[in-house]
Every structure is written in C-alpha cells, then in structure tokens.
Amino acid sequence: MTLGNEANDATARPLSGRCALITGATGGLGQSIALGLARAGCSLVLHGLETEAAMAGTIEQWRREHQVEICYLRTDLASAAGAQALADAAQASSPGIDILINNAVVRHFAPIDAFPVDAWERALAVNVSAAFHLVRLLLPRMRERGWGRILNMASVYGLRGVADRIDYVTTKSALLGFTRAVAIETIGQGITCNALCPGSVLTPAIDARVKQLMAQTGIDRATAQRRFLAGKQPSGQFVDAGDVAELAVFLCGPAARDISGTMLPIDGGWLAG
C-alpha cells in the first residue's frame, strides 16, 4: 500500500484498530450508530436483549461488508450485576474497549401520580445507573491506553419538560450532568465524554406511534407525521438516524479530541424556539 492510499484509508476508516461497546444496539439509534462505527473501521461489541439467533444475520452481514470484528452480548442492565457482567464479557471478548456508547434506554408513559414505581426504578437503573457502572468499570483501561471516547445518548427531553414522561425527562437530564462530571475527571488523559441530544428520530418505536395515530384517526402518513411533530421540531421532519450516527462517529474520531463535556442537539431547531 502506498503512502497516499494509507492516508485515504485513515480518512475513510478513522476508527480502524478501535473497539466500541454500544448498549441497546439491536435496533433504532443504537444500531444506526453501531453501523456507522463499523463503516469507520471500528470493531464492535453489541449489547441488547435480543437472542443471539436474532442478531446473527445482521452481524454476519456487517462482518462481510465492513471487515470488522463483531460480537453480541445479551445482558439485562437493570442491575449493577448486569452491568458488571457486560463489562467483564466485553473486555474478555476484545483487546480493550476504546469507545463506550451508553444508549440503552427504557421508558414508560404515565402522569407522575399514576407512574408505576417499578417502571421508575427500572428507568433509573437502565438509563442512568448502567452508564455509571460501565464508565467506572471501563475507564481504568482507557486511562492505561491513554485514549477513550464516551458518548452518552441523552435527548432534547434532557433540556425540555413534557407531561407523562417523568422517567425519560429525569434520566436524560441526569445524563447531561453525568457527562459534564466525567468530562472534567478525564481532561488531559486522551479521553473525551460527550452527550448527544436528538429530537424525534424515526426509530421503529416512533414509527409504531405514527402508525397508531394513523389507525386511530384515519389520516394519511404525511398528516400523521406533521401532527406528531407539531410543537416540537420546527423543521417538520424526523431527524435521520444516519445523521445522528455520523455525528457520533465524528465525536469518536481523532478530530474530536478537544471536544469534551458538550451536549450537542440534533433536533431540527427544536431547542431554538
């Protein structure tokens, strides 16, 4: 390979030689980010609650198309023991985790006075405590290597209140403070910690809600989408998951070495209003 080709390869695959753990990576934003990292040459440790058989086809296709190592770990992050098991298995299955994407999330819709206590406790455990445990367990190895990227998937709802979503608003807000604190503790160590704050992304879960609105009202898809986004994204369009993935890949790459402790919206202008 010529020097010129080496430079081109480094540009096209800036994360070659790195390994990322992505929680909640079996669908939606987590899977889109994982695919973006694979395209950038990053090996993957995917996490989720799907069976290994359900993920086998995706993993084989990505290995073939992107020539990266990929493994899948099925673990419930609702307990400290589950996070410990995931961290141990991830480090055992790879030379070392360079990139951590805290994306796993649960949510429930109800007003606070009718909110189930078990749903509240699970949201705190999966959405916040799992990120805490994984960072504390994986950070020492990043420090040994002098390089690391931590990306917490927050939300526009971490900066906006909304009714009937007390668990989601609270936990996404907590992730923003968590991000700032970790960033301060890792300054000057070759490690960054940032948060992405997407608006409404057309994930399978939101697509299901749009279809439900269509079924309930008899309106067409375009009208249902506009109604769903009314009062939210001034763009009137869903954020593309692929765009969120590209921003995540950039933050994990060498050019973002001086970006840490930031909360980056990608929300179609939602927070501008």
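Within the stretch 11-118, which helices (runs of 4 or more DSSP H) (wholly inside it) include 3 or more residues that are touching a residue at least 24 places away in the same chain (Cβ under 8 Å), under 20 Å from SER155 (Cα atoms) and within 15 Å of the chain's Cα centre (by Cα)? Walk me through how you get there before you give the answer.
On the way: elements: 28-39, 52-66, 80-92.
Passing ranges, in order: 28-39.
Taking the options ALA89, ALA110, ALA119, ALA81, name whichever one is more than 28 Å from GLY261 (Cβ to Cβ) and either modelled with pLDDT under 95 or loosely packed, with under 13 Cβ neighbours inside 10 Å (or both).
Values: ALA89 fails: either modelled with pLDDT under 95 or loosely packed, with under 13 Cβ neighbours inside 10 Å (or both); ALA110 fails: either modelled with pLDDT under 95 or loosely packed, with under 13 Cβ neighbours inside 10 Å (or both); ALA119 fails: either modelled with pLDDT under 95 or loosely packed, with under 13 Cβ neighbours inside 10 Å (or both).
Matching residue, one of ALA89, ALA110, ALA119, ALA81: ALA81.
VAL162: under 20 Å from ALA110 (Cβ atoms), without any contact (Cβ under 8 Å) to a residue 24 or more places away in the chain and of a type in the set (Val, Ile, Thr), yes or no?
Details: under 20 Å from ALA110 (Cβ atoms): yes; without any contact (Cβ under 8 Å) to a residue 24 or more places away in the chain: yes; of a type in the set (Val, Ile, Thr): yes.
Judged against the criteria, VAL162 is a match.
Would you point out the residue of the stretch 179-191, among those that are surrounded by 20 or more Cβ atoms within 10 Å (Cβ to Cβ) and over 15 Å from the mean Cα position of the chain (by Cα), that is nearest to PHE250 (Cα to Cα)?
In the first step, residues of the stretch 179-191 are kept if they are surrounded by 20 or more Cβ atoms within 10 Å (Cβ to Cβ); the result is 179, 182, 186, 191.
If we keep only those that are over 15 Å from the mean Cα position of the chain (by Cα) as well, we get 182, 186, 191.
Working: VAL182: 19, THR186: 19, ILE191: 14 Å.
Top of the filtered list is ILE191.
Are any of the residues in the stretch 60-77 among the hydroxyl-bearing types (Ser, Thr, Tyr), closer than 21 Å to GLY96 by Cα and crowded, with 24+ Cβ neighbours inside 10 Å?
Of the stretch 60-77, the ones among the hydroxyl-bearing types (Ser, Thr, Tyr) are 72, 75.
If we keep only those that are closer than 21 Å to GLY96 by Cα too, we end up with 72, 75.
In the following step, the residues that additionally are crowded, with 24+ Cβ neighbours inside 10 Å were identified as none.
Within the stretch 60-77 (the criterion being among the hydroxyl-bearing types (Ser, Thr, Tyr), closer than 21 Å to GLY96 by Cα and crowded, with 24+ Cβ neighbours inside 10 Å), the answer is no, since none of the residues qualifies.
Restricting to the stretch 192-211, give me the number of residues that are surrounded by 12 or more Cβ atoms within 10 Å (Cβ to Cβ) and either of a type in the set (Ser, Thr, Tyr) or out of contact with any Ser or Thr (no Cβ under 7 Å at 6 or more places or on another chain) (or both).
The initial filter retains those residues of the stretch 192-211 that are surrounded by 12 or more Cβ atoms within 10 Å (Cβ to Cβ), namely 192-203, 205-207, 209-211.
Narrowing the set further to residues that are either of a type in the set (Ser, Thr, Tyr) or out of contact with any Ser or Thr (no Cβ under 7 Å at 6 or more places or on another chain) (or both) leaves 192, 196, 199-203, 205, 207, 209-211.
The number of residues fulfilling the criteria is 12.
Can you tell me which residues in the stretch 137-156 are of a type outside the set (D, E, K, R) and assigned to a strand (DSSP E or B)?
At the first step, the residues of the stretch 137-156 found to be of a type outside the set (D, E, K, R) are 137-140, 142, 146-148, 150-156.
GLY148, ILE150, LEU151, ASN152, MET153, listed by residue number.
Just the residues that are closer than 23 Å to LEU251 by Cα and either polar (S, T, N, Q) or modelled with pLDDT under 95 (or both), please, taken from the stretch 28-73.
GLY28, GLN31, SER32, SER43, GLN67
Please determine, by comparing only the residues of the stretch 158-178 that are modelled with pLDDT of 95 or more and among the β-branched types (Val, Ile, Thr), which one is surrounded by the most Cβ atoms within 10 Å (Cβ to Cβ).
Among residues in the stretch 158-178 that are modelled with pLDDT of 95 or more and among the β-branched types (Val, Ile, Thr), the one surrounded by the most Cβ atoms within 10 Å (Cβ to Cβ) is THR171.
The values are calculated or read from the model by the stated rules, or taken from the named source; none is laboratory data. Given the structure is predicted, the values throughout are model-derived calculations rather than measurements. Backbone-built Cβ (ideal geometry, glycine too); neighbour counts: all protein chains shown.
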